[in-house]
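The values are calculated or read from the model by the stated rules, or taken from the named source; none is laboratory data. Just so it is clear, the structure is predicted and the values come from calculations on it, not from any experiment. Using ideal geometry, Cβ is built from the backbone for each residue, glycine included, and neighbour counts are taken over all protein chains shown. With ligands, DNA and RNA removed, areas are computed over all heavy atoms of the protein, side chains included. Shrake-Rupley method; radii C 1.70, N 1.55, O 1.52, S 1.80 Å.
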Amino acid sequence: MKSFTIPADVPPSKKELFIKNMQTLYKQTDHLFLFACDQKIEHLHDDFDPDDDDVPEDAIDPEHFFKIGSKGRIGALATQLELIARYAPQYPSIPYIAKLNSKTNLIPQNQKEPISPSLWNVKNAVELMEQNNTHIIGVGITIYLGSEFEDKMMHFAAQSIFEAHKHGLLAIVWMYPRGKAVGDDTDPHLIAGAAGAANALGADVVKIKPPHASPGKTIEQELQEIVKAAGNTDVICSGGAKMDSIAYLERLYRFIHEGHIAGSATGRNVFQKSLPEAIAMTKAISAIVYDGASEKEAVAHIK
Amino acid sequence: MKSFTIPADVPPSKKELFIKNMQTLYKQTDHLFLFACDQKIEHLHDDFDPDDDDVPEDAIDPEHFFKIGSKGRIGALATQLELIARYAPQYPSIPYIAKLNSKTNLIPQNQKEPISPSLWNVKNAVELMEQNNTHIIGVGITIYLGSEFEDKMMHFAAQSIFEAHKHGLLAIVWMYPRGKAVGDDTDPHLIAGAAGAANALGADVVKIKPPHASPGKTIEQELQEIVKAAGNTDVICSGGAKMDSIAYLERLYRFIHEGHIAGSATGRNVFQKSLPEAIAMTKAISAIVYDGASEKEAVAHIK
Amino acid sequence: MKSFTIPADVPPSKKELFIKNMQTLYKQTDHLFLFACDQKIEHLHDDFDPDDDDVPEDAIDPEHFFKIGSKGRIGALATQLELIARYAPQYPSIPYIAKLNSKTNLIPQNQKEPISPSLWNVKNAVELMEQNNTHIIGVGITIYLGSEFEDKMMHFAAQSIFEAHKHGLLAIVWMYPRGKAVGDDTDPHLIAGAAGAANALGADVVKIKPPHASPGKTIEQELQEIVKAAGNTDVICSGGAKMDSIAYLERLYRFIHEGHIAGSATGRNVFQKSLPEAIAMTKAISAIVYDGASEKEAVAHIK
Amino acid sequence: MKSFTIPADVPPSKKELFIKNMQTLYKQTDHLFLFACDQKIEHLHDDFDPDDDDVPEDAIDPEHFFKIGSKGRIGALATQLELIARYAPQYPSIPYIAKLNSKTNLIPQNQKEPISPSLWNVKNAVELMEQNNTHIIGVGITIYLGSEFEDKMMHFAAQSIFEAHKHGLLAIVWMYPRGKAVGDDTDPHLIAGAAGAANALGADVVKIKPPHASPGKTIEQELQEIVKAAGNTDVICSGGAKMDSIAYLERLYRFIHEGHIAGSATGRNVFQKSLPEAIAMTKAISAIVYDGASEKEAVAHIK
Amino acid sequence: MKSFTIPADVPPSKKELFIKNMQTLYKQTDHLFLFACDQKIEHLHDDFDPDDDDVPEDAIDPEHFFKIGSKGRIGALATQLELIARYAPQYPSIPYIAKLNSKTNLIPQNQKEPISPSLWNVKNAVELMEQNNTHIIGVGITIYLGSEFEDKMMHFAAQSIFEAHKHGLLAIVWMYPRGKAVGDDTDPHLIAGAAGAANALGADVVKIKPPHASPGKTIEQELQEIVKAAGNTDVICSGGAKMDSIAYLERLYRFIHEGHIAGSATGRNVFQKSLPEAIAMTKAISAIVYDGASEKEAVAHIK
């Protein structure tokens, strides 16, 4: 198992907890699988509407996240702090990442530059953790780099990361260049910069969109450069919209083994399935992420 | 009686109070009746002007709310915190929901996107409750989802809900998509998303506008989907403008029994009546909500 | 004497002080006379310029307010908190209402929507009161309802009223609909709404502009409706620009006896006179307000 | 010597210090001389550039202010709090007024309305005073009345004045109407209003631009009216751009003896001279201000 | 060695630490070398992309900064506070300047005026320093003078400087006129003003862009004037984009010996080299800055 970076803003009294939280997320390996479930606010009903052919009835109830999280195999379930508060008492075994900010998808970008407003702070997460033993291991913050509101989100992220570390919690940044100043949000040069900025902001893990390939470079080669630019911050790719499960797993395998990213952040490709299929998918992903399984071995879980 | 969701942000020392407040609002059933009276700011004089044929003399004095609340049968009276402060000493028996934010109806939406400014905070509600035994059981917050100010209102709601739970109080969210980014504010898909967002923000109860029917789906079927999307947050529908009382009660019956919503939020359909008629109407509504009465049994109260 | 409303946000330990402050302002009657003197900021030099035929030399010095206040007969002198701080040591006998917000008249409404910025807070008023026995009995706050900044002013008013009551102080709201969303600021329906909103914000007294008459209704009939809409918040009318003194007193008499308002807020119709005339005018107003004098008896004071 | 106004926001325990600070600034007379040196931020290099014929080499180094302040004769040196912090240890004998806000002259008014941002607060001034015996006797705040940001500056000024008095410090307001709503910033009616507003905000001294004359009234007659409008706040005129020294002194004499202002605020007319000339000029000004000297006697100092 | 200015906002108990920090940065000389490494946020990937011919592979990993800082010879390494937090535990010997604010380069100036948002505060820096012995000796803050947001940045800088001194830390200001109100950002008159403003804001060191020459004046003569205008604040020039190393060193020599600036702030001209070359370059720069070496002696280090 790799040795973690323990940043200097983790006080000596919280180092043990920080390491324990790291080990929970990484399961004693070098990789992590984040079950990413903040869409109830980010996408409203779009990802959960059974009138859409691709969405099963199971997905409509937010408890679906927690059923998958408790019966499947994941590193941690990331969702809004209060959704954790409302379900964690019934699902105490799941490790949680408390998402602290979120916006809806109602306002088009040409009406107002994107901003993900802070909803909760690290103090709230710590209170939740301490008073009811909710198994929160870290916090999550979104930054739309390049938005006219990047100043507010960078400030919130920087402060939240510092505070999270102070309490022994991990900090994961959703780093998405967006806004009218951003032309191509999958430009590898831009994403490398965003990943490096996440490092300078103190993130333990940065979640990025996969870049596109460039002339003479594959996506995986671009990922390698992004991973280096992120320094001692681990890079994971967001899963994006639902796609063929086998193709998804093959891509994840390549990203980790050729692109050198640290793991997977998957949401729709898990929860937009019936409960048994979703549970199977978490096992397939975990096989790649945590067990070093081949694509074939992983795919076996969902067959 | 159903088992309540006690979210994890209610500390152990406040669980008993939280349950007691829930039981007050739900009267040991699965349903609730909120007497919604925040119109003195929201609509200014529009709902109270006896020059309007539909408004009786009784309605003009804000004390009308409290006379109805004390002599009628309701779950709780929801109004601005300070209106509670000014009348509760004379009406100590009413359970109150302290509305924390409110705007007037003076500024048209095309002049400025809607924002419901925070007027008070949970601390104020707790002080009121503790120092003079005002029977406050929860707080209410409005969010105009899709407004350019949704960031401010979501932040205020998230923080208020967390603080309310911390003190054993319930939190009810008035969730109304509004603003130029919102085309159709009774679109069921949009309302299902709004209800789900309220769940992720931690609301115990979400108050929505009834959706319209869709091709191939009745309003009640849409409500069923909305109720599922809201997870363990209870859904109630706002009563809207005054309509025929019998039609109102019949609609409420269908919404609860076919749409599976948790109850009623009624304001104008109660208080825009003379005191005896208003009291009778609260009894009719409560019969449906709390006693499982048929429409006919309910209508008997107002005949 | 009427029994006062003691709102529930006055803690038990401050009830005695609150009642004493009420009695000071109302002089054990049902009515009050507020000497309204916030024009040094609100109107800058416009009301004090002796180059204007209507303004006597006496008016130019702000001490004029205090000479009138100490030698005349008033309920309380309302002015900016710091003007009180600068003159109260020489005029300790006057009861004061500390105005907490104020704007100048320099910026035209079509340049920027009106906002009355908070200058001081209740804590400042309490400190002043406690450390030097300045006889502050309450605070005053202006709200321009309908301005794009109504959110900020309503928040400030709501918080100031809550804090004022917490310390046993009265709260008076200057409630003036204004801004481009407001067509007719003396529309009785609008003013009734504004007065009701002041009640929901917790004001003990609301100061409004007198409404105009409507087809089939006199001003006094409109005032009656406004007074009812304000519930247990007392309504007083602002005096406005200087007019004939006898006409002023006759109007005041009608407003109180036919319109049922609770008293008078007079500024320019008092202080834009020489000291002896101003003192006489306060006695005439007080005769109507406090002694139940007839118009004739009142007018005798200024003859 | 005149009896000072000790406002009620000076607590009893700080009255002695307040009086001492007053006496330092007024040197036991009725008049004061403020050496006004905030141009390093307000005008950047414009007043200090030796490439300009009118500016001697001596002026370029900010220490010039302090050499003049310590070797000349002044009431107090007013400059940014941190410039005091950087030089006071070498110049402990000078009484200081800590300027709390300042803007540069880079942004033209038609690009953005003027705002003087708060840089420090009274707490900072008190800490400086207490921990290193820096001889701070008061604070200074600029307000651009009529700017769209007047709300922010008036709030900051009101709070700073209250806090200053609470700690026994004097408060001086630089009151300059400015912004697109302000047509003529030397209109005597406007300046009288501004001076009166400074009084209502609690300023001990208000610094204004000299007004222009009006038809039938000299500048000095206008000043008399302004002085009355300012009530118990003392009025001083800003010196403005460098002019002929004798003319400057003669004007100052007339302003004090005919216009009844309380003294002088001089910056460029002192520091845009070589050190010996600047020292002589402070003596000439002080002769008029503090000694009641005639113009001739004053001019003798600079010959 | 020169005697430092110890500003009065350094409390007596922190003077020893302040002097020690000064001596660390200046190595007991009159000059300083700041290794300026805030580009991971300021320029994103632009300075680190090995696809660019001028950037070696070594530069891509942020650890490159720290390898250079620990093996080369510098006064202090300046970078974002959290980058320090993430690497300092492995590089405890480097003295650090914690940069507190930073923006990306994504938003063009004609879209939004530049603002460098505060990310951390002095309290964060002090906690980092105290709890894990991270060797932080000071803080860094950027101000874009002339931007429409200069008010916010000046406020943040002023407060951060005051707080830094209070804890015995140095304060360095990156002073860059920028925004549509700024025509020529290397105008010597403008930069002299900016340097003087930094002095009035309390900066111990101000980092400026080198000015251009003027008719009849060399760059070095302009620097002399700027240095004088900055008073007791030391002036250093930013190194800017990578250039020929020998030309860079010669320019630095002239700036110090003819322009009288206090030292060097170099980033890209060091870190855009392979590790051995970068280390050599730090030695060459330090030779000039700290040892008073000639250009030739300095150049010898990189041959």
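Find how many whole Å separate the alpha carbon centroid of the range B:275-303 from the alpha carbon centroid of the range E:227-282. What the calculation gives is 84 Å, centre to centre. Could you tell me the relative contact order of chain B? Use alpha-carbon pairs under 8 Å, at least six residues apart, and round to a whole percent. Once divided by the residue count of chain B, the mean separation gives 19 percent. For GluC sites (Glu not before Pro), the sites in the range E:185-275 that DSSP calls loop and that have at most 14 other Cβ atoms within 10 Å are E:258.
When a/c reaches 1.5 or more, the comparison of a/b and b/c decides; with that in mind, is the range A:217-263 rounded, prolate or oblate per its Cα gyration tensor? Prolate, since a/c reaches 1.5 and a/b exceeds b/c. Using a 10 angstrom cutoff on alpha carbons, build the Gaussian network for chain B and name the most mobile of B:77, B:201, B:170. Answer for the Gaussian network model of chain B: B:201. The trypsin sites (Lys or Arg not before Pro) of the range E:179-259 meeting both criteria, a DSSP state outside H, G, I, E and B (loop) and at most 16 other C-beta atoms within 10 angstrom of the site's C-beta, are E:180.
Put a plus charge on the Cβ of each Lys and Arg, a minus charge on the Cβ of each Asp and Glu, and nothing anywhere else: the dipole of the range B:59-126 about its Cα centre is then about 120 debye.
In order along the range B:120-133, phi translates into HN-Hα couplings of 10, 10, 4, 4, 4, 4, 5, 4, 4, 5, 7, 7, 9, 6 Hz, rounded to whole numbers, per the Karplus curve 6.51 cos²θ - 1.76 cosθ + 1.60 with θ = phi - 60° and x for Gly and Pro. Within the straight-line cut-off of under 12 Å between alpha carbons, the aspartates and glutamates reachable from residue D:112 are D:148, E:113, E:148, E:150, E:151, sequence neighbours fewer than 8 places apart in one chain being disregarded.
Based on C-alpha pairs under 8 angstrom that are at least 6 apart in sequence, the range A:29-97 has a relative contact order of 37 percent. Each Lys or Arg adds one and each Asp or Glu takes one away; over the other residues whose Cβ falls under 11 Å from the Cβ of residue E:161, this sums to -2.
Of the residues E:44, E:223, E:83, the one that moves most in a GNM of chain E with alpha-carbon contacts below 10 Å is E:44.
Counting only residues at least eight positions apart within a chain, or on another chain, the aspartates and glutamates with an alpha carbon under 20 Å from that of residue D:166 are C:82, C:127, C:130, D:9, D:16, D:127, D:130, D:204, D:234. Each Lys or Arg adds one and each Asp or Glu subtracts one; over the other residues with Cβ under 11 Å from the Cβ of residue B:243, this totals 0. How high is the FRET efficiency between residue B:93 and residue B:297 when r is their beta carbon distance and R₀ equals 25 Å, given to the nearest 0.05? After rounding to 0.05, the efficiency reads 0.45.
Note on residue B:279: accessible area approximately 30 square angstrom, rounded to 10, probe 1.4 Å, nucleic acids and ligands left out. When the square roots of the Cα gyration tensor eigenvalues are ordered a ≥ b ≥ c, the ratio a/c for chain E is under 1.5, which makes its shape rounded.
For the charge dipole of the protein assembly as shown, defined by +1 on Lys and Arg C-beta atoms and -1 on Asp and Glu C-beta atoms about the Cα centroid, which residue among E:229, E:104, A:23 has the Cα displaced farthest towards the positive pole? Farthest along the dipole direction, towards plus: A:23. With contacts taken as Cα pairs under 8 Å and at least 6 residues apart, the range C:55-147 reaches a relative contact order of 29 percent.
Residue by residue along C:145-154, Cβ atoms of other protein chains within 10 Å of the local Cβ number 5 on average.
Projected onto the charge dipole of the protein assembly as shown (+1 at Lys/Arg Cβ, -1 at Asp/Glu Cβ, origin at the Cα centre), which of D:168, E:186, C:289 gives the Cα projection farthest towards the positive end? Checking the options against the dipole of the protein assembly as shown, the answer is D:168. Largest mean-square fluctuation among A:289, A:55, A:205, in a Gaussian network model of chain A whose springs join Cα atoms under 10 Å apart, belongs to A:55.
Give the shape of the protein assembly as shown as rounded, prolate or oblate, defined through the alpha-carbon gyration tensor: a ≥ b ≥ c are the square roots of its eigenvalues, a/c under 1.5 means rounded, and otherwise the shape is prolate if a/b is larger than b/c and oblate if not. Since a/c reaches 1.5 but b/c is at least a/b, the shape of the protein assembly as shown is classed as oblate. Placing unit charges on the Cβ atoms only, positive for Lys and Arg and negative for Asp and Glu, gives chain E a dipole magnitude near 820 debye about its Cα centre. Given the pairs C:99/D:103; E:123/E:152; D:207/E:207; E:103/E:207; C:20/C:67, which are separated by over 26 angstrom at their Cα positions? Flagged as over cut-off: C:99/D:103; D:207/E:207.
When +1 charges are put on Lys and Arg Cβ atoms and -1 charges on Asp and Glu Cβ atoms, the dipole computed for the range E:242-303 relative to its Cα centre reaches about 200 debye. Among E:256, E:95, E:66, pick out the residue whose Cα is farthest towards the positive end of the charge dipole of chain E, where Lys and Arg carry +1 and Asp and Glu carry -1 on C-beta, about the Cα centre. The Cα lying farthest towards the positive end belongs to E:95.
Label separation (residue D:111 vs residue E:213): 2.9 nm, computed from points 7 Å beyond Cα along the C-beta direction.
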